[in-house]
Amino acid sequence: MQLIESILFYGTIGIYFVSMILYFVFVASKKDPIAKAAVIVQCSGLAVHTAAIVFRGVIAGRLPLTNQYEFATAFAWGLCVVSLVFILKFRFKILGAFATPVTLLIIGYAAMQSREIHSLMPALQSGWLGIHVSTAIIAYGAFGVSFVLSIIFLLRDRMGGNDFLEKHIPQKEKLDLISYRSTALGILFLTFTMITGAIWAERAWGSYWSWDPKETWSLITWIIYGIYLHLRLIKKWHGKAAAIFSIIGFVCVIFTYIGVNTFLPGVHSYR
């Protein structure tokens, strides 16, 4: 079983890599059939990725969401899912050329982590585990897509104007709107993550909030994106400043996940 899971995991990386190359070839050759092939390959990679996560869960005998390797794998899965939703919904295939490298970086980080299976500590043996971590995966995936969209927004004017870009990259106003929707989706699920985490913490440790480093940085991330939404809705804030704010927010997401576990260990630290 572990061999099958390993084959599926590294197969996922290989398929995502092929998809990324196809997206790059699409941008260079400007041929739509290559873009369709890239999307199909990415969907295939997601299917294999899902199977790898399922096998990991079967081997561990629990939800595979409790250590660095497992969460990074699930983080990459969430980013792939959300990016595909936006690619298909908005017919925005160039998004894949920016999203697949980020997905590969995250799953590559997973590949560098220990894959040893540990038994769960008593506090983690709860039905809240699946709800709490699943909402975090969707939130992080949505913030990742918002980050990618913000990068595209900032680079669009430097790409020059031609029929290909006009066809495949939305105008900056629409890019800004799509990024906002992705951010709104992310903060909605991050809110669910914090609420379910507080309920779980009270049942596990008798306190809704303990100012653990992970809790603190999750709150900081939530506040940053909350300010973004406030300025967007109340002050009609948009454009370049909003894109930069979105990028800063995702940097906080990455620090909350990797930086806190590395430099500020606490009860939320993954092994």
Could you list, in sequence order, the residues of the stretch 164-182 that are part of a loop (DSSP other than H, G, I, E, B) and either in contact (Cβ under 8 Å) with a residue 12 or more places away in the chain or hydrophobic (A, V, I, L, M, F, W, C) (or both)?
-> Ile169, Pro170
Residues of the stretch 81-134 satisfying the condition of being crowded, with 19+ Cβ neighbours inside 10 Å and either in contact with a His (Cβ under 7 Å, 6 or more places away or on another chain) or outside any helix (DSSP H, G or I) (or both) = Phe92, Lys93, Ile94
Tell me which of these Phe26 doesn't satisfy, since it passes every other one: (1) of a type in the set (A, V, I, L, M, F, W, C); (2) farther than 25 Å from Leu154 by Cα; (3) touching a helix residue (DSSP H, G or I) at 6+ places or on another chain (Cβ under 6 Å); (4) in a helix (DSSP H, G or I).
-> (2)
Can you name the residue in the stretch 255-271 that is surrounded by fewer than 18 Cβ atoms within 10 Å (Cβ to Cβ) and in a helix (DSSP H, G or I) and, of all such residues, is modelled with the lowest pLDDT?
-> Phe263
Name the pairs: first residue in the stretch 200-216 and free of Cβ contacts under 8 Å to residues at least 40 places away in the same chain, second residue outside any helix (DSSP H, G or I) and polar (S, T, N, Q), Cβ to Cβ under 7 Å, at least 6 apart or on different chains?
-> Ala201/Ser207; Ala201/Ser210
Among (1) part of a helix (DSSP H, G or I); (2) farther than 30 Å from Lys236 by Cα, the one test that Trp209 misses = (1)
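What do you reckon, is Ala241 out of contact with any helix residue (DSSP H, G or I) (no Cβ under 7 Å at 6 or more places or on another chain), crowded, with 19+ Cβ neighbours inside 10 Å and either modelled with pLDDT under 90 or within 30 Å of Ala35 (Cα to Cα) (or both)?
Details: out of contact with any helix residue (DSSP H, G or I) (no Cβ under 7 Å at 6 or more places or on another chain): yes; crowded, with 19+ Cβ neighbours inside 10 Å: no; either modelled with pLDDT under 90 or within 30 Å of Ala35 (Cα to Cα) (or both): yes.
So Ala241 does not fit the description; no.
The values are calculated or read from the model by the stated rules, or taken from the named source; none is laboratory data. What you are looking at is a predicted structure, and each value in this text was computed from that prediction instead of being measured. Please note: Cβ atoms are built from the backbone with ideal geometry, for glycine as well, and neighbour counts cover all protein chains shown.
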